[in-house]
Amino acid sequence: MTTMNEDSHVECVGIILDGNRRWAKERGLPKLEGHRVGLLDTLRNTVRFMQKKGIKHLTVYMFSTENWNREPAEVSYLMDLFRTSIQKEMEALGKEGVRVRFVGQRDRFSPELQQLMDVAEKDTAHNTALTLWCCLSYGGRAEIVAAARAATASGEEITEESLARHMWTAGMPDPDLIIRTSGEKRLSGFLTWQSIYSELFFTDTKWPDFSQEEFDSILAEFAARERRRGK
């Protein structure tokens, strides 16, 4: 079991779920099969092992504002997967004490999906084991713009504090570490505001193959890093 000193305590982990299509292609499977395995299997397992480790917040980049530009068939398939995930997987996790939050441009989704998101949030609102933040139609710049508009509309002075209160992710701790799977080494608009002091980890593992063993090795490296936070 990984042990960490007090300075290396992990409260919030962010993950960019990348490599689903390449994972499927390497196995001779339809490219969309990677999305199904990653969203319905790997995510569930990841939530559970992080919960066992006492991590209180997991933020996952599931669908970016740019992903709307993918092939219509893929976007449609992903919408169906999100529906299944919310109705089955997240309901099951809710019964295990997981709270579910959705952050992003919710109004871009169908009324049915919006309602499912609302119900999932309401039904799990009092859970405390772990909060799963699902970033859907999310982009860091879009979030900052939306927060600035909301603060201005409320008549508040624009400060770091007022913007933070109006972020889609308000209430989420800044991530201690961010993981991107599949070998790409960029954040692609993930938690632009919140990630300034996050430790970054890039792994060649495709998201469907991400495991507790790999996460343990990341935690071990995280514990060895010196986090100055600008000091």
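Mind listing just one residue for me: the one in the stretch 115-131 that is among the small types (G, A, S) and not in a helix (DSSP H, G or I) and, of those, surrounded by the most Cβ atoms within 10 Å (Cβ to Cβ)?
Per the stated criteria, the residue is A129.
Condition first: surrounded by 13 or more Cβ atoms within 10 Å (Cβ to Cβ) and either at positive phi or not aliphatic (A, V, I, L, M) (or both). Now tell me which residues in the stretch 132-148 satisfy that.
The answer is W133, C134, C135, S137, Y138, G139, G140, E143.
Here are some conditions: (1) free of Cβ contacts under 8 Å to residues at least 60 places away in the same chain; (2) closer than 19 Å to M62 by Cβ; (3) part of a loop (DSSP other than H, G, I, E, B). G189 meets all but one. Which one does it not meet?
The number of the failed condition is (1).
Give the stretch 60-93 a look and list any residue that's under 21 Å from A120 (Cβ atoms), surrounded by 17 or more Cβ atoms within 10 Å (Cβ to Cβ) and β-branched (V, I, T), or say none.
The answer is V60, I86.
Under 9 Å between Cβ atoms, at least 6 apart or on separate chains: pull out the pairs that start in the stretch 81-92 with a residue that is under 15 Å from L136 (Cα atoms) and without any contact (Cβ under 8 Å) to a residue 60 or more places away in the chain and end on any residue that is β-branched (V, I, T) and assigned to a helix (DSSP H, G or I).
I86/V119; M90/T124
Give the stretch 152-173 a look and list any residue that's touching a Ser or Thr at 6+ places or on another chain (Cβ under 7 Å) and modelled with pLDDT of 95 or more, or say none.
M172
Restricting the search to the stretch 92-114, which residues are assigned to a strand (DSSP E or B) and not aliphatic (A, V, I, L, M)?
R99, R101, F102
Taking A151 as meeting all but one of (1) buried (at least 17 other Cβ atoms within 10 Å of the Cβ); (2) within 13 Å of V100 (Cα to Cα); (3) free of Cβ contacts under 8 Å to residues at least 60 places away in the same chain; (4) of a type in the set (A, V, I, L, M), write down the number of the exception.
Of the numbered conditions (1) buried (at least 17 other Cβ atoms within 10 Å of the Cβ); (2) within 13 Å of V100 (Cα to Cα); (3) free of Cβ contacts under 8 Å to residues at least 60 places away in the same chain; (4) of a type in the set (A, V, I, L, M), the odd one out for A151 is (2).
What's the number of the only condition in (1) surrounded by fewer than 16 Cβ atoms within 10 Å (Cβ to Cβ); (2) modelled with pLDDT of 95 or more; (3) β-branched (V, I, T) that T181 fails to meet?
Here T181 meets the rest and fails (1).
Please verify whether the stretch 122-132 includes one or more residues that are more than 29 Å from K53 (Cα to Cα) and under 20 Å from the mean Cα position of the chain (by Cα).
no
Can you tell me which residue in the stretch 32-62 is nearest to the chain's Cα centre (by Cα), limited to those that are in a helix (DSSP H, G or I) and without any contact (Cβ under 8 Å) to a residue 24 or more places away in the chain?
Only one residue tops the list, namely K52.
Is at least one residue of the stretch 197-211 small (G, A, S), out of contact with any Asp or Glu (no Cβ under 7 Å at 6 or more places or on another chain) and surrounded by fewer than 17 Cβ atoms within 10 Å (Cβ to Cβ)?
Scanning the stretch 197-211, I find at least one residue that is small (G, A, S), out of contact with any Asp or Glu (no Cβ under 7 Å at 6 or more places or on another chain) and surrounded by fewer than 17 Cβ atoms within 10 Å (Cβ to Cβ), so the answer is yes.
Return the total of residues in the stretch 132-185 being part of a loop (DSSP other than H, G, I, E, B) and over 28 Å from N20 (Cα atoms).
Total meeting the criteria: 9.
Taking L78, is it part of a strand (DSSP E or B) and of a type in the set (A, V, I, L, M)?
In short, no.
Restricting the search to the stretch 64-121, which residues are farther than 25 Å from G171 by Cβ and among the aliphatic types (A, V, I, L, M)?
A73, V75, L78, M79, L81, listed by residue number.
The values are calculated or read from the model by the stated rules, or taken from the named source; none is laboratory data. Note that the structure is a prediction, hence the values are computed from the model and not measured. Here Cβ is always computed from backbone atoms with ideal geometry, including for glycine, and neighbour counts include all displayed protein chains.
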